[in-house]
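These notes are about the structure you will find just below.
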Amino acid sequence: MIDVLIAGGGYVGLSLAVSLKKAAPHLQVMVVDGAPEGAWEKDERASAVTAAAERMLDVLGIWEAIAAEAEPILRMVITDSKAADPVRPVFLTFEGDGGDGRPFAYMVPNTALVGALRDACKDFSIPVRQAKMVESFKSGDHAVAITLAGGEGLEARLLVACDGVRSKLREAAGIKVVEFDYGQSGIVTTVEHERPHGGTAEEHFLPAGPFATLPLKNNRSSLVWTEGTHDAERLVKGDDFLFDEELERRFGHKLGHLKVVGGRRAFPLGLTLARDFVAPRFALAGDAAHGIHPISGQGLNLGFKDVAALAETIVEADRLGLDIGSLAVLERYQTWRRFDTFRMGVTTDVLNRLFSNDITPVRIARDIGLGLVDRLPSLKSFFIRQAAGIAGEGDPRLLSGQPI
């Protein structure tokens, strides 16, 4: 019998598998992934990895493999303006580290991160079954009976769904969600520029939504560009000249000539929060448990927090001789993660509503607020710690750089 079967071969599913095997090598862990073989190698996106997530990846032996491709974020600049404004006043800047002199975050290409995790799975002899997905499952007293597409049957003590924000397994488990569509889409692409970015990330709050530029290696930046869904689709499907013109209006000329060097895609944005994270012999992690607006850049790191909490819950229960799939054990994970996730979901929801508009009184109030934060070192330090994901007392050990 498999101890833990993980459905989903993205960064959450793979890092959970590695975390479990590193802490408890005797556990039988398997990953099944519905994506075709090699699909992850076509992902041109990059993700922000906080200082806490870096510590976790370092403990797992992953960080060394991706460090050469990770670009530190040394400074964060926030502006609030219209796209046509000739000058964009800076209302807030963040500079600092995530502890031990490390940057508070890094930008890492998704292919580098997933590739390193897949290599680690091979090193730990964790089977990753590609182009396989869980078709159905039924939880029993001692095991969960799982049927894969094609009819193959498996048994596991615990099934973990890491199958994305539209999780079919979450639906099959009967777990309800709080869901809201923002009517926005995030355009994601990569640009090359003449001058170096100096490790600076910028977030421009524009009436349609935030326009974020995030530093990458070799004079490149990753863009997360929020627009209304209709406009985003028009820009992505339109000709290159129109896209480049609109991009230049938002990016500006401070880094010289711009060139789009990656594909461009638009992803619908919304808020999705699972009402429960667990059921008997079943747990949600990553986007299957929560999908939030990218305004804070914390989506991936919420997933890593899930991994750290769930892995510690499972491993400690196993060491005590407890049933790792029982609801009594899994409730600890739910208690650990549900409040933090709802708090982050509400925070990003409020920020998006507050900044994605052009109402003059609201703009004046928010700009005064940003200016006050910029002038209060203690408050800025708090926000830097939040951005770095620095673990507090009672947080999972992996996020503090400690093994389970």
(message) Can you find a residue that is modelled with pLDDT of 95 or more and aliphatic (A, V, I, L, M) anywhere in the range 333-344?
(response) no
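List the strands (runs of 3 or more DSSP E) inside the range 145-256, counting only whole elements, that have at least 3 residues being closer than 20 Å to Ile73 by Cβ and modelled with pLDDT of 95 or more. Lay out the reasoning, then the answer.
Details: elements: 153-161, 177-193, 200-206, 209-216, 220-228.
Answer list for the range 145-256: 177-193, 209-216, 220-228.
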(request) Among the numbered conditions (1) crowded, with 24+ Cβ neighbours inside 10 Å; (2) at pLDDT below 95, tell me where Ile314 comes up short. (result) (2)
(message) The conditions are (1) in contact with a strand residue (DSSP E or B) (Cβ under 6 Å, 6 or more places away or on another chain); (2) without any contact (Cβ under 8 Å) to a residue 24 or more places away in the chain, and Val144 fails exactly one of them. Which is it?
(response) (2)
(message) For the range 115-143, give me each residue that is out of contact with any Gly (no Cβ under 9 Å at 6 or more places or on another chain) and of a type in the set (S, T, N, Q).
(response) Ser125, Ser136
(request) Taking only the range 243-295 into account, find how many residues are within 30 Å of Val307 (Cα to Cα), surrounded by fewer than 18 Cβ atoms within 10 Å (Cβ to Cβ) and of a type in the set (Lys, Arg). (result) 2
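Conditions tested, residue by residue: (1) assigned to a loop (DSSP other than H, G, I, E, B); (2) closer than 16 Å to Val177 by Cβ; (3) touching a His at 6+ places or on another chain (Cβ under 9 Å); (4) not hydrophobic (A, V, I, L, M, F, W, C).
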{"site": "Phe304", "(1), (2), (3), (4)": "no, no, no, no"}
{"site": "Ala309", "(1), (2), (3), (4)": "no, no, no, no"}
{"site": "Val315", "(1), (2), (3), (4)": "no, no, no, no"}
{"site": "Leu322", "(1), (2), (3), (4)": "yes, no, no, no"}
{"site": "Glu331", "(1), (2), (3), (4)": "no, no, no, yes"}
{"site": "Phe339", "(1), (2), (3), (4)": "no, no, no, no"}
{"site": "Arg343", "(1), (2), (3), (4)": "no, no, no, yes"}
{"site": "Val346", "(1), (2), (3), (4)": "no, yes, no, no"}
{"site": "Asn352", "(1), (2), (3), (4)": "no, no, yes, yes"}
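The values are calculated or read from the model by the stated rules, or taken from the named source; none is laboratory data. Being a predicted model, the structure only gives us computed values, none of them experimental. Cβ: placed from backbone, ideal geometry, glycine included. Neighbour counts: every protein chain shown.
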